[in-house]
Amino acid sequence: MVQCMFASLHLQGSCRKASCSSSRDESRQRVKFTDERVCKSHLLNCCPHDILSGTRMDLGECSKIHDLALRADYEISSKERDLFFELDAVDHLESFIADCDRRTELAKKRLVETQEEISAEVAAKAEKVHALNEEIGKLLAKAEQLGAEGNVDEAQTVLQEVERVRTKKKDAEEEYRNSMPASSFQQQKLRVCEVCSAYLGLHDNDRRLADHFGGKLHLGFIQIREKLELLKKTVQDKQERRNQERLKRREEREREERMKKRTKSRSRERKRSRSRDRDRERRRRRSRSASREKRRSHSRSKERDRRRRHRSRSRSRSRHSREHSHKSSRDRDHERESKRSPSERRSDGLNGRTESRRHDDREAGEI
């Protein structure tokens, strides 16, 4: 009976988990990688929640959506256009590294408060021992990594370098031991790691140092810091490229505006030249019409003068012809009168006077 109850409870729990997972999958299917709820650091493979998972400083689940399918979509789209998700990732990693640096400073203050004060010379010698310990740990971690990858010869070369550094460390420890009392030397002197803010001992053995510097926590912080520097450089390069593109577009716009102004000025100049040509043509036409009118008036005046002269000539000719005919008629009458008798002359004289008077009166009326 109890087994049946546990089985039913187990089935209910599994059904709830399946329903929750199915609802999450459905919600993620509806979300795109450009959504604000998606972690941009996860898309760029640098989220601290992913890198430090399973370490002493495991941050748990990220508050934003992590999905490998969305990362694949982003990688495909980022090849076609710049989305500038690096800005969000830089802000995220900078805030995380700032918190880590604050923890490092607090740890250093605690060590200063808890450990005995030593002189500057002794502190420098202790710092030299710590630096050699750090170098040995890094070399051992590198040798282990090369051995795991199958590069045996390179790993042997690194181990030889480790032996040389160990010799330097022994000399440094001897100097440090001779510079302070034996009771103080036996105390564990600690140091804070500048990368991951973990505590390192002055007398840690090689295995402890290799585990620290080759561990996931230390390497994860190194990866985060390197990724942050790389993202900063990428953002700077993209901003410079964008600024150059903006400057280029601005120069193109200014060039287009200058071209438009030139075309406008040319069109205005053409219009002005056309208007000047039209005005010049109008003046020419006016001058031509004025010259024609002047020639016409001059010809009219010449024609009038010619007609006037012709009339005066015709009048003078008619008058002369009349006078000549009058003289010839008088001469003929005088001859006839001389041939006639005195009695006829007297009678004709009276008639002639009356006729001559009538003739004179007629000529005077015509004139």
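The values are calculated or read from the model by the stated rules, or taken from the named source; none is laboratory data. All values reported here derive from a predicted model rather than from experimental measurement. Backbone-built Cβ (ideal geometry, glycine too); neighbour counts: all protein chains shown.
Annotations
- In region 175-216, residue modelled with the lowest pLDDT [restricted to those that are of a type in the set (A, V, I, L, M) and either more than 17 Å from PRO48 (Cβ to Cβ) or not assigned by TED's automatic domain parsing to the domain that holds GLU144 (or both)]: ALA182
- Whichever residue in region 39-91 is of a type in the set (S, T, N, Q) and part of a helix (DSSP H, G or I) and, among such residues, is nearest to ALA198 (Cα to Cα): SER41
- Members of region 39-96 that are touching a Phe, Trp or Tyr at 6+ places or on another chain (Cβ under 8 Å), hydroxyl-bearing (Ser, Thr, Tyr) and crowded, with 17+ Cβ neighbours inside 10 Å: TYR74
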